[in-house]
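Report on the structure given below.
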Amino acid sequence: MLRLSLHYSLRTALTRTFRMPHARVSRSRATTGNAVLWLLFAGMVLLTSCGTPETLIKHKTPELPHQFSTNYPIDTLRHTGRVSWKDFFLDPALIRHIEDALRVNADLLQASARIRQVKAAYTAAGGALLPSLQVRGRTGGDRFGRYTMTGVGNFDTNLSDRIDDKQRVDENFTPEYYLALESSWEIDVWGRLRQQRKGRRLEYLASEEAYKLATTMVVTTMAELYFTLQALDDEREIIEKELQLQREGLEKTLILKETGRTSELAVKQFEAQVLNTEALLRGVLIEINAVENAINALKMQANQPVDRSPDFFMQSMDSAVVLTTPANLLFSRPDIRRAELLMKSAGADVMAARYAFFPQLMVNPYVGLNAFKSSLFFDPASLAFGVMGHMVAPIFQQNQLKAGLRFQKARYEEAQLEYNKTIVNALNEINTHLVAFDEYLKISRLKESEARTLKVAETVATQLFLNGYASYLDLLTVRREVLRTQLDFVEATLQRKVARLKLYRALGGGWF
């Protein structure tokens with residue numbers, strides 16, 4: 001580390017002012033000194049810049065496709081990514097659950113704490129560009145030997161007839177009293193501090209995008225659990241109704257057995273069907289309890305009832321449809337904006353690491369009181385001020401600085417790859433959920449038609465069985481298929497809603 005210091009004080013100014021006979025000599029020396037300083041400065045810059053590696057920052061964004069595999073043009077894709085979740089969801093109970101979760105969810109609180117941390121780092125980086133100011137006070141004393149420069153100087157000073165009694169120095173013990181305001185300011189000549197501040201600012205903005213992403217995850221997770229709970233409620237209701245019909249069928253089969261119109265085998269088959277359906281009902285109750293606990297966990301509570309709207313099939317999320325463009329489609333996503341900001345922040349850190357190879361210019365002014373007698377400390381003549389400038393250039397730190405630059409460049413490359421990966425994942429997510437939404441819509445319609453058809457078949461099979469024109473196996477098979485199809489219809493409807501929900505999240509989740 002090479003240090004070059006420039007010092008200017010009031011004493012120097014007075015000396016140059018009152019030494020009139022030597023004015024020309026002083027000017028000549030000053031001119032020569034300035035020339036030497038500029039030569040030293042240029043030499044330091046040249047010496048350090050020769051060892052500065054070249055910084056290349058290149059980035060190429062993945063190309064956007066013209067359309068998805070579902071034949072939806074990307075520039076006319078109908079989506080709800082710009083709609084707030086309060087407008088996207090129409091269920092008042094669901095909205096209340098989401099609001100409760102957003103107030104107390106641990107992930108959001110952690111994201112909020114992260115924002116405060118990065119904001120503090122950004123404030124600190126901005127403060128590095130400004131001068132620091134501190135109060136410094138010191139007191140002490142020295143007894144200088146008579147054969148030292150200071151001791152001889154004090155002795156000679158006391159013999160002078162040009163000083164008064166206040167200026168005479170105690171030769172046995174010389175105290176010193178100092179109290180001043182001191183400042184330190186690094187002049188950001190090359191932009192290193194500005195790049196560091198830029199990097200922290202971009203990290204702060206990225207933390208805000210991370211908070212938005214966490215909010216979207218909480219909203220969509222709560223909605224998915226809520227829809228699952230509603231679907232399980234419908235499945236429970238379907239199973240309970242079917243179980244009631246099966247029990248009635250078992251009673252009728254027992255009557256038919258007593259009249260000799262059917263066998264014990266038919267009775268046992270009906271009993272087995274009832275037991276199987278009861279076990280199925282117990283499994284659904286277990287799932288309902290698990291989903292309720294998951295909802296309570298999002299709300300940071302335990303063992304609380306979860307209210308929900310009873311009608312699962314009548315609620316729709318297909319309203320509030322808007323158009324978008326390819327750029328808006330992707331860059332309305334908080335995760336993409338976060339990845340982009342982190343990449344730019346890493347790029348700013350690369351530039352700051354490169355500028356660390358150049359000399360640093362520091363200025364240190366001060367103003368205060370300085371005296372060697374306590375009785376003279378507050379005398380106006382004890383006022384002292386000055387300014388010192390120094391320049392620090394790294395000479396034997398090249399390996400350390402180069403290692404730091406390589407580290408920052410590797411971070412930038414990692415952030416660049418993460419940014420590109422996030423864009424590609426976003427495109428695939430949109431395509432996946434868009435296809436799923438379309439296909440599950442078709443599946444739910446098919447299952448609904450199948451359920452209606454099998455219901456008619458069940459009625460016919462029941463009448464034929466009671467009249468002796470069909471076997472009990474035919475009736476059991478039809479009823480089993482009816483139950484399966486009804487449950488499949490509920491599951492397809494749930495998956496359609498979940499696909500729509502995930503598509504909403506993939507398109508930005510309302511953070512346009």
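A few comments on the model shown:
- Of the residues screened, LEU181 is not one that is touching a residue at least 12 places away in the same chain (Cβ under 8 Å) and touching a helix residue (DSSP H, G or I) at 6+ places or on another chain (Cβ under 8 Å).
- For GLN301: the one exception among (1) in a helix (DSSP H, G or I); (2) of a type outside the set (Asp, Glu); (3) surrounded by fewer than 21 Cβ atoms within 10 Å (Cβ to Cβ): (1)
- With respect to the stated conditions, GLU439 is surrounded by fewer than 16 Cβ atoms within 10 Å (Cβ to Cβ) and either at pLDDT below 90 or in contact with a Cys (Cβ under 7 Å, 6 or more places away or on another chain) (or both).
- Among the residues listed as PRO131, PRO92, the single one being of a type outside the set (S, T, N, Q) and within 30 Å of GLY191 (Cα to Cα): PRO131
- Residue count, the stretch 402-418 (criterion: touching a residue at least 60 places away in the same chain (Cβ under 8 Å) and either closer than 18 Å to MET351 by Cβ or of a type in the set (A, V, I, L, M, F, W, C) (or both)): 9
- VAL460 being assigned to a helix (DSSP H, G or I) and in contact (Cβ under 8 Å) with a residue 24 or more places away in the chain: no
- Test: residue in the stretch 399-418 that is surrounded by 18 or more Cβ atoms within 10 Å (Cβ to Cβ) and in contact with a strand residue (DSSP E or B) (Cβ under 9 Å, 6 or more places away or on another chain): no
- Pairs, first in contact (Cβ under 8 Å) with a residue 12 or more places away in the chain and closer than 17 Å to GLU176 by Cα in the stretch 143-157, second loosely packed, with under 11 Cβ neighbours inside 10 Å and polar (S, T, N, Q), C-beta under 9 Å, six or more apart: ARG143/ASN172
- Yes/no for PHE396 being within 30 Å of ILE187 (Cβ to Cβ), out of contact with any Lys or Arg (no Cβ under 6 Å at 6 or more places or on another chain) and not in a helix (DSSP H, G or I): yes
- Set side by side, the residues LEU473, LEU483, LEU494, LEU466 differ, and just one is under 26 Å from THR253 (Cβ atoms), out of contact with any strand residue (DSSP E or B) (no Cβ under 9 Å at 6 or more places or on another chain), modelled with pLDDT of 85 or more and among the hydrophobic types (A, V, I, L, M, F, W, C), which is LEU483.
- Close pairs from the stretch 104-126: first farther than 26 Å from ALA352 by Cβ, partner in a loop (DSSP other than H, G, I, E, B) and modelled with pLDDT of 95 or more, Cβ under 7 Å, at least 6 apart: none
- Some residue of the stretch 425-446 being more than 25 Å from THR493 (Cα to Cα), hydroxyl-bearing (Ser, Thr, Tyr) and assigned to a helix (DSSP H, G or I): no
- Among the residues of the stretch 449-502, those that are among the aromatic types (Phe, Trp, Tyr) and crowded, with 16+ Cβ neighbours inside 10 Å comprise PHE465, TYR472, PHE489.
- Close Cβ contacts (under 9 Å, 6 or more residues apart or on different chains) running from residues in the stretch 245-273 that are surrounded by fewer than 16 Cβ atoms within 10 Å (Cβ to Cβ) to residues that are charged (D, E, K, R) and outside any helix (DSSP H, G or I) comprise ILE255/ARG261.
- The stretch 215-224 - residue that is surrounded by 21 or more Cβ atoms within 10 Å (Cβ to Cβ) and not β-branched (Val, Ile, Thr) and, of those, nearest to the chain's Cα centre (by Cα): MET222
The values are calculated or read from the model by the stated rules, or taken from the named source; none is laboratory data. Note that the structure is predicted; figures quoted are calculated from it, not measured. Cβ atoms come from the backbone with ideal geometry, glycine included; neighbour counts cover every protein chain shown.
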